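J.: First the structure, which I've put down as structure tokens, then a few questions once you've had a look.
Just so it is clear, none of the values below were taken in a lab; they were calculated from the coordinates. None of these values were measured; they are calculated from a predicted model. Methodologically, a virtual Cβ is constructed for each residue, glycine included, from the backbone with ideal geometry; neighbour enumeration extends over all protein chains shown.
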Amino acid sequence: MTKKPLSAPQKIMQQLASTKPGAWFLSRTQHHLDRIVFKLSGGRTTMAGFIVGLPVVTLANKGAKSGLIRIIPLLCIEDEDNPGTLALVASNFGQRHNPAWYYNLKANPEANCTLDGLTRSYRGREAEGEEYDRFWQYALDTYLGFPHYKVRAGERHIPIMIMEPVDS
């Protein structure tokens, strides 16, 4: 996976976001700010993508209980072995519970993902075993906050959802 080098401000922002206070603040505000930047950029980037230099996808899928379409920007990992396949890490900023989008995707695996202004249909499934280990290493290589999130998550296993493109 070819990774774009981070600028000094992006490295500082990643370090800040990986701290407990930074993660607490971002878990409550980032998705709101990401939506604004996403709209203003015509679907090409989010606040996290712009300021922190992370690859961000906007996930749109049905809520597990409500059945309403839920849209949330998430950090994504691109699969080195299967171009077009993405992985979403349900770290929830290191909180001790899984994020709502994880349960929504488990209940309704069909979703649309927008990455770099292009929207495609995907089907999600949870990574296990060696596949999980491979994607966890990709995640560690992508964002320096994940090791901190894993520690703060305690006993909670951090799921990784694999998003495979659906042929149209």
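J.: Go through the range 119-137 and report how many residues are surrounded by fewer than 17 Cβ atoms within 10 Å (Cβ to Cβ), within 15 Å of the chain's Cα centre (by Cα) and either among the polar types (S, T, N, Q) or outside any strand (DSSP E or B) (or both).
T.: Residues flagged as surrounded by fewer than 17 Cβ atoms within 10 Å (Cβ to Cβ), within 15 Å of the chain's Cα centre (by Cα) and either among the polar types (S, T, N, Q) or outside any strand (DSSP E or B) (or both) within the range 119-137 amount to 1.
J.: Let me ask something else about it. Only one of (1) farther than 26 Å from ILE36 by Cα; (2) buried (at least 18 other Cβ atoms within 10 Å of the Cβ) fails for HIS157. Which number is that?
T.: That leaves (2) as the condition not met.
J.: For residues in the range 84-118 being surrounded by fewer than 17 Cβ atoms within 10 Å (Cβ to Cβ) and of a type in the set (A, V, I, L, M, F, W, C), which is nearest to LYS62 (Cα to Cα)?
T.: Of everything passing the filter in the range 84-118, ALA107 is nearest to LYS62 (Cα to Cα).
J.: Let me ask another. Hey, can you tell me all the residues within the range 86-117 that are at positive phi and either touching a His at 6+ places or on another chain (Cβ under 8 Å) or aliphatic (A, V, I, L, M) (or both)? I'd like the intermediate steps shown before the answer.
T.: From the range 86-117, those at positive phi are 92-94, 116-117; that's our starting set.
Scanning the range 86-117 gives a single hit, GLY94.
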